[in-house]
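Only one structure is covered here, and it is reproduced in the block below.
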Amino acid sequence: MRTRSGPVRNENTHQAILEATAMLFAHEGYDRLTIEGIAHEAHVGKQTIYRWWNSKGDLVAECLVAGMLLPDRLTLPNTGEIREDLRQWLTEIFRIIAEPETEGMLRSLISGAAENPQIGSRIRESLIGTDSVTGRLEAGIGQGQNLYEGAPFDEIAEALIGAVVLRALSRTPPSEEDAIRLIDAVIGPELPTPQSQR
């Protein structure tokens, strides 16, 4: 007979806690977000939250990975022009890092991934797939020197994400020019179009 290890999670309660976290984060920001406030909003006890998450950072990290925080600002655009899409995406992420009310969010994601292997796995999985960073890079074959058939797209995506993580950890003020230089460094210079070669 198999026995379960660890607390069994009720999915309705789990979802209510995540929704409460996302709602309060949107209204109050990371610094004013509290476990007490989340518990009150979700109509659960604090002990229920602490049974499943070690800290508010873990909760914020799970909400972020689940697409419940800033979804309109963190989604990679898809216009068919990979360089422009990456420029818009990185510039917006750099803006988020620089905002006092949201800068703690990305550091929470990093901290949560370090403490919780499941969060780390979900972050890694979010890089793979058609709508992910990897998928968008693969769709941009021919638009950069490093974007060729069979290129290591997963590793290129990880290099971009790694640069964002470093910015978040170092609190280095980034700029749009930084985003452009990063794109050039990671995917290589833009390849000439057939028309420009004539």
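Annotation: amide H-H contacts under 5 Å for GLN145 (H modelled 1.01 Å from N, sequence separation of 5 or more, or interchain): LEU191.
Considering the stretch 135-198 at the alpha-carbon level, its Rg and Dmax are found to be 13.6, 46 Å. Working from label points 7 Å from Cα in the Cα-to-Cβ sense, the LEU166 to ILE141 distance is 2.9 nm.
No lab work stands behind these numbers, since they all come straight from the coordinates. None of the values given here were measured: they were computed from a predicted structure. Note that each Cβ is placed from the backbone with ideal geometry, even for glycine, and that neighbours are counted across all protein chains shown.
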